[in-house]
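Report on the structure given below.
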């Protein structure tokens, strides 16, 4: 034979795949344009196709180059992988695999390793090779040196298809990047961009694990979006779904006529709630497929973090099952030991392989050690979503203010377990869909109180230990639930209340990044101290945040509809505490109650604090006070701040919050401290 019919692929190349150690499987399986040596003609270029189907009786490749009639593929000796080199075939070729399964039936399947696919409802795989030239070297170098646990992390969660409906990756690389940069978020998190034919699944029912969705453009155009975000100083988190996959007949399910990627037993291999299959994590080839997929997005697309979806469903064999619907592990327990081993493997490999990368668990139970290192018996994630904090706080917000005093503990309980994991505080898409209502509509009473409460809550969230995540549209108080079929309601961001909320989130982000006290010691008890956690009768919470260098910020949040004048608090230092933020300021459409720029802490024992002060605390609002030294010292910034209102569309020509603060100077309302809120 003149040239290798397997396109250079050998059984030895696939040994790592079969023992679970190949973490770059995309380089071997799938469709690759290669150049081979022909004994008679020299160099010959074509495409090598390779697919794992160990139980198939026959495999053919149906493609546009053979008019979909099928060319026979051959088994690479001893591998269970079928391969074929087709001379003269290159990029843009459409193809599928036609598999005569062990069940005696023909199954036409898309390529599990395809880098690109047709737009739904079509689904052919497409031969594709990246030619993208990255321009984010500075970002990548800086990322390698960072420990994100000790860095600011304010995340804007985005469904790319619904942020502005119809926008492509290239258009989003201009518009989304500009907006996120203006809003001041440090990261974006994309709902899964992997190919999925059913749009209302939002990407959580994946049919092509290695292909970005083609509705929005080509893979290199998605790379361009990531590159632009990095050049703008914005990190990129991607939702990753190794917990289950859909039953579409042309995708992974029953791939070679057998349960190849999934468990055969439905008690182990099917999610009843979602109507999907569960991966067989004990199979070496499946582990290699999934860990390779994680590394693929991190390495080939420069993704900074993977947020692993539905981790709880992976950890427990009896997840959402009745007593007779699951199979215990070898010790008789309900932990999925194979899935636990797989998660440790993925985390360990990626953290060792790619310095600076993060893996984030969406885990809704009290499973111990989610963010503990694997060598200490943990799962090895970098962060865990704090679902308990989210549920508690949303229940509290939904109450009429008069009833909140009996649920005060729901807002403080998170500190009981704060240092057991590295937490992210999420207000995600899951909380504004399926009848749950938007954030603004979860809150009772009139519009003034709704917006004021939401401003107070976001302020609470940004100042509480843990990183923050906010789903798109909630930064300007969209009233409708998320709907992937339409764009966000951008027109409301010009209106009263909505615009003030959007400006507040922008200023919170800039204040947050500028003050390490709000993020540096999130996972260290030295970074947080309650002033008063027990003022239930006034629905008020107060605490102090500090950084490693001793910078301190006092936070007072009032979830009552009443203002508290001359509210007494203890403080850890005597002297000037500058009001650097007030969620009731006029610029946020608040009532303007404030502290005239500063509060003076005087000697006097207050609980366990050596100083005390009287603070004007607006209704349904938060006040941040930064310690700026003894009274006889000059404050860190000008005593008369300038606060400009911002437009919804961008920051051109306006004075940004950081500029106005003169590197963290005060923000104060322009009105008198005795102005009452209006309805």
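Read-outs: derived from the displayed coordinates by stated rules, not from any lab. These figures come from a predicted structure and were not determined experimentally. Cβ placement follows ideal geometry from the backbone for every residue including glycine, while neighbour counts extend to all protein chains displayed.
Results, tabulated for the structure shown:
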{"quantity": "Over the chain, relative contact order from alpha-carbon pairs under 8 Å, at least 6 apart, %", "calculated": "10 percent"}
{"quantity": "Cα centroid separation, segment 505-575 to segment 429-476 (Å)", "calculated": "19 Å"}
{"quantity": "Sorted by Cβ neighbour density within 10 Å, fewest at the top, the residues 76, 34, 486, 505", "calculated": "486, 34, 76, 505"}
{"quantity": "Shape of segment 193-241, Cα gyration tensor, a/c cut at 1.5", "calculated": "prolate"}
{"quantity": "In degrees, nearest ten, helix 387-397 long axis to first principal axis of the chain (Cα)", "calculated": "40 degrees"}
{"quantity": "With Cα atoms, 0 to 90° folded angle of helix 447-463 axis to the chain main axis", "calculated": "70 degrees"}
{"quantity": "Potential lengthening between residue 537 and residue 484 on full extension [0.36 nm per residue; Cα-Cα distance subtracted]", "calculated": "14.9 nm"}
{"quantity": "Segment residue 72-residue 138, extension gain: residue separation times 0.36 nm, minus the distance between their alpha carbons", "calculated": "19.0 nm"}
{"quantity": "Cα gyration tensor shape for segment 12-126, rounded if a/c is under 1.5, else prolate or oblate", "calculated": "rounded"}
{"quantity": "Highest average packing first - 274-281, 562-569, Cβ atoms within 10 Å", "calculated": "274-281, 562-569"}
{"quantity": "Order of 304, 71 - criterion: other Cβ atoms within 10 Å of each residue's Cβ, fewest first", "calculated": "71, 304"}
{"quantity": "Sites residue 323 and residue 247 - FRET efficiency at Förster radius 30 Å, r taken between beta-carbons, to 0.05", "calculated": "0.75"}
{"quantity": "Global form of segment 484-639, assessed from the alpha-carbon gyration tensor, a/c cut-off 1.5", "calculated": "prolate"}
{"quantity": "Relative exposure of 159, 335, judged by other C-beta atoms within 10 Å (fewest first)", "calculated": "335, 159"}
{"quantity": "Per-peptide average of other Cβ atoms within 10 Å, ordering 477-483, 305-311 highest first", "calculated": "305-311, 477-483"}
{"quantity": "Whole-Å distance, taken between Cα centres, linking segment 330-394 and segment 176-219", "calculated": "23 Å"}
{"quantity": "Protection proxy ranking of 14-22, 530-538 - average other beta-carbon atoms within 10 Å, highest first", "calculated": "14-22, 530-538"}
